[in-house]
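The values are calculated or read from the model by the stated rules, or taken from the named source; none is laboratory data. Note that the structure is predicted; figures quoted are calculated from it, not measured. Here Cβ is always computed from backbone atoms with ideal geometry, including for glycine, and neighbour counts include all displayed protein chains.
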Amino acid sequence: MAAAHVNVYECLFLLDPTKVAGDVQGTAQMLHGLLERNQCEILASRPWDERRLAYPIKKHKKGLYYLIYFRVDTKKVVEIEHDFHLNETILRFMIYKVNPKLVDLMLTVARDEHAFSLQTVHETGGDGEVEGVVGDEELIGADGPRGGRRGGGRRRDEDKD
């Protein structure tokens with residue numbers, strides 16, 4: 001039997017604000033339940049931000065971002081993604097494998113209740129090249145922390161004459 005490949009993952013959720021409806025603690029318990037059902041160890045978990053979206057997603061103009069760091073066997077990630085797709089509270093999500101060299105730093109920032117949002121962490125090698133970039137990624141359709149957008153396409157308000 002092959003050895004398990006356990007990694008730390010960052011998951012940023014975009015949640016339906018009408019389903020959360022002020023019960024962030026209950027929503028957090030629901031998200032934790034989904035992860036724990038898939039043998040995940042929750043390392044850090046907190047609301048990140050509520051924002052107006054660049055364009056409607058499933059008819060929603062706002063969304064609540066929620067951040068969770070967890071440790072799990074790599075083979076379980078597909079099952080976790082499947083569970084997230086079936087959940088009506090989750091509008092979008094992104095799961096990233098955290099570079100093992102950055103786990104402690106990312107968890108320190110994620111556990112800081114006073115941090116508004118995570119900043120991009122760059123770790124450079126001896127030659128100045130960036131070896132890892134994690135955090136501060138945005139979900140499709142959401143304004144980034146600096147108001148910018150990634151990816152192509154036109155915004156809905158650009159369609160108006």
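Computed quantities for the displayed model
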| read-out | value |
| --- | --- |
| Selected residue [among the basic types (Lys, Arg), at pLDDT 90 or above and within 20 Å of residue 33 (Cβ to Cβ)] from 97, 76, 62 | 76 |
| Which numbered condition residue 18 fails, given (1) of a type in the set (Ser, Thr, Tyr); (2) touching a residue at least 60 places away in the same chain (Cβ under 8 Å); (3) out of contact with any Leu (no Cβ under 6 Å at 6 or more places or on another chain) | (2) |
| Residues (of a type in the set (D, E, K, R) and surrounded by fewer than 16 Cβ atoms within 10 Å (Cβ to Cβ)) located in the stretch 92-112 | 97, 101, 104, 111, 112 |
| Any hit, the stretch 45-65, residues being out of contact with any Cys (no Cβ under 7 Å at 6 or more places or on another chain) and under 23 Å from residue 4 (Cα atoms) | no |
